[in-house]
Amino acid sequence: MNASEQGRCKELEKSILDVTIVIEMHVQFYIQDYRYVQLIHSNATIMEGRYLVTHNHFNFPLTETAAVGQEGYLAISLRRSDGELILDSAPLSVFTIVYADTATLVLDFSNTQGVGLFDLYGLPSADFVPWGDIQIDIGAEVAQVDWDGDTSHVVWTQVNSLPKDEGVPQIHVDHYVQLGSSGGGVFLHGQHIGNNWARYYEQDAFTGDIFQRYIFQRYSIIALNSAALVQLDQR
């Protein structure tokens, strides 16, 4: 890769991280009657200055604050990709769910005047493309948002499979994302085409000892954008 290509990659990485948000869900749970509150992280992408596009496998309802003695979410915080806090311990009522399918959620963070939270902070939005409008082949390079426990970053990886008849339009990529990266955007030529939906690994079960099994394949499953989701970006 020459200097010009390296510079272009750095520019794309910055633009992707500028539209990336880390979601912190404050979750309440109980162990032997003792109450604990923990932060559960995921990633999301800004759309139209007011929406966050993320995954749809949260463990508890996002619209119901957990009552005393009940496990569930208490509040939500939002951070930029570098960890900068932009929303601190807000009630779940600060957003509404405006789109949901098997793999993807869209959360609306706008006030009663329709002003988007991310517009208020002057944050940019991504360009979203539905899966039916993209041309992608095995071996194509995509940019994938991952998370290291503190900040988000971009990994360049390749498409290794184009599954069909799986219900959810999807691609598989070589990179195996870390916990907390669910919902992070995947980009082709700088455009958002999907989000981190799941990660998968296979083991050689030749031996009976699970600790000696050799992991011979692992990858990420990317849920591609539906046309209905992208229509929100065109309002």
Residue satisfying all of: in region 24-65; touching a His at 6+ places or on another chain (Cβ under 7 Å) and closer than 17 Å to residue 196 by Cα; surrounded by the fewest Cβ atoms within 10 Å (Cβ to Cβ) among these
24
For region 38-68, which positions are farther than 17 Å from residue 147 by Cβ and out of contact with any Asp or Glu (no Cβ under 9 Å at 6 or more places or on another chain)?
61, 62, 63, 64, 65, 66, 67, 68
Just one of (1) within 29 Å of residue 115 (Cβ to Cβ); (2) of a type in the set (Val, Ile, Thr); (3) without any contact (Cβ under 8 Å) to a residue 12 or more places away in the chain trips up residue 31, so point out which.
(1)
Within 17 Å of the chain's Cα centre (by Cα) and not assigned by TED's automatic domain parsing to the domain that holds residue 181: does that describe residue 29?
no
Condition first: touching a His at 6+ places or on another chain (Cβ under 6 Å) and within 18 Å of residue 104 (Cα to Cα). Now tell me which residues in region 158-188 satisfy that.
180, 182, 183, 185
Check on residue 57, farther than 19 Å from residue 109 by Cβ and within 14 Å of the chain's Cα centre (by Cα):
yes
Yes or no: residue 96 in the same structural domain as residue 46 (by TED's automatic domain parsing), of a type in the set (S, T, N, Q), modelled with pLDDT of 95 or more and surrounded by fewer than 18 Cβ atoms within 10 Å (Cβ to Cβ)?
yes
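The values are calculated or read from the model by the stated rules, or taken from the named source; none is laboratory data. Quantities reported herein were computed from a predicted structural model and do not represent experimental measurements. Heads up, the Cβs are rebuilt from the backbone with ideal geometry, glycines too, and the neighbour counts pull from every protein chain shown.
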